[in-house]
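Structure first, then comments.
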Amino acid sequence: MSTLDAKKIEEAEALIGQTDSAANEYAKAGMYFKAATAYRIAKSFDKRKDCLLKAIDCYENNKSWFHAAKSYEQIILLAKETDKLSEVEDYANRACCLYQQHGSPEAAAAALDKAAKMTESKHPDLALGFYKRALAVVLIGDSTHQASEFASKVSRILVRLKKYEEATKALKKEISLNLQTKSYGQVGRLVVALILVQLTLEDYVDAKKTFKKWGNRCDPQEVNTLQNLLKAFDDEDPELATKMLASPFIRHMDWSTHFYLKMCHYQKEIVK
C-alpha cells in the first residue's frame, strides 16, 4: 500500500467516525460521500461502495432525492471500473426513479442513457431495456425530439439482436416521432429500414403497405431502389434483389448489415 493510499484510508475512516455526531442526515450523507471519494483514490472499491450506499440512505432519509440519485450514478461508475456491469441495471433504475421523484426527467433519462452506453457492447439486452425506459421517461415529459433519439437507439439494438418483429414496431414509432418533429430528412431512410426489416421477415404484404403509406417521404433514389426491391421479391428475382441490396445508400446505412446478410440468404433460397 502506498503512502497516499494509507493516508486516504485514514482520512475516510476519520470521516466515518464523525458521522454519529453529524448535525443532520444531510450532513451525515456528505461525510459518507467524502469518505467514498477518499476510498476511491485509495482504490478500496468495496468500502467506497459501502459508503456510497450509506450516503444514499441518509439522503433518502432527508428526502434529498437528487443527491441520492447522483450517488447511485457513482455506484454505476464503480460497477464499470470493477467490471461488474450486471449490477448496473438495479442501480440505474433506482437512480431513474429518484430523479423522477425529484421532478428531473431529463436527469433520469440521461442516467439511463449513460447506463445503456456503458452496457451496450457486452450486454445489449440490458442496454435495450435502459433505452426503452429512457424513451418512456421523455415521452411523459412530452420531449418529442429527445424521444426520437432514444427511439432510434431502440430500433438499432433490436435489429442487432435480430428481434425483427419488435423492430418493425419500433421503427414505426420512430417514423411517427420524426414526423411530429418535422424531421422529414430522417423519415425516408427510416422507411427504407422498415421495409428491409419487413422483407427480412418475408412479410412482402406489409412491406408494400409501408411503401404505399410512406413512400412519398423517400427521395427519388430511395423510391427507385424500393420499387425495384419490391418488384424483385414479387417476381422472385434474386439477381435484381441482390443488385438493389447492394445500392450504396443501403450498404452505407450504419446498421443495415444485420439484415442485409439474411436477406441475401433468402434470395439464394429462392433460386433453389
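Laboratory data are not the source of any read-out in this text; all were calculated from the coordinates shown. Since we're looking at a predicted model, the values are computed, not measured. Every residue, glycine among them, receives a Cβ derived from its backbone with ideal geometry; neighbour counts consider all protein chains shown.
Annotation: extensible slack from Asp57 through Asn224 equals 54.1 nm (criterion: 0.36 nm per residue apart, minus Cα-Cα distance).
In terms of other Cβ atoms within 10 Å, Val159, Val187, Val192 run from fewest to most in the order Val187, Val159, Val192. For the chain, hydrophobic long helices are taken as DSSP H runs at least 18 Å long by C-alpha position along their axis with mean Kyte-Doolittle hydropathy of 1.0 or more; these are 124-140, 184-200.
For the peptides 176-186, 9-19, residues were scored by their other Cβ atoms within 10 Å and the scores averaged per peptide; the highest-first order is 9-19, 176-186.
With both labels modelled 7 Å from their Cα along Cα-to-Cβ, the Ala246 to Arg160 distance reads 2.9 nm.
FRET efficiency for the Lys84 to Ala27 pair, using the beta carbon distance and R₀ = 41 Å, is estimated at 0.85.
Working ranking of peptides 99-111, 198-210 by packing, defined as the average number of other Cβ atoms within 10 Å per residue, highest first, is 99-111, 198-210. Taking 7 Å steps out from each Cα toward its Cβ at Leu77 and Asp234 produces label points 5.7 nm apart. Rounded to the nearest angstrom and listed largest first, the equivalent-ellipsoid semi-axes of the chain from its Cα gyration tensor are 51, 20, 12. Name the shape class, rounded, prolate or oblate, that the alpha-carbon gyration tensor gives for the range 71-170, where a ≥ b ≥ c are the square roots of its eigenvalues, rounded holds for a/c under 1.5, and otherwise prolate holds if a/b is larger than b/c and oblate otherwise. Oblate, since a/c reaches 1.5 and b/c is not below a/b.
Of the residues Ser155, Ser143, Ser21, the one that moves most in a GNM of the chain with alpha-carbon contacts below 10 Å is Ser21. Taking each DSSP H run with n ≥ 4 as -39500 (n - 2.57) and averaging over every residue of the chain yields -26000 deg cm²/dmol at 222 nm. For the range 80-137 and the range 1-32, what is the centre-to-centre distance using only Cα atoms, to the nearest Å? Comparing the Cα centres of the range 80-137 and the range 1-32, I get a distance of 29 Å.
A Förster radius of 45 Å combined with the Cβ-Cβ distance from Thr3 to Gln101 puts the calculated FRET efficiency at roughly 0.60. Out of every Cα-Cα pair that the range 1-146 contains, those further apart than 26 angstrom amount to 31 percent. Residue separation of Asp206 and Lys182 scaled by 0.36 nm, minus their Cα-Cα distance, works out to 6.2 nm of gained length.
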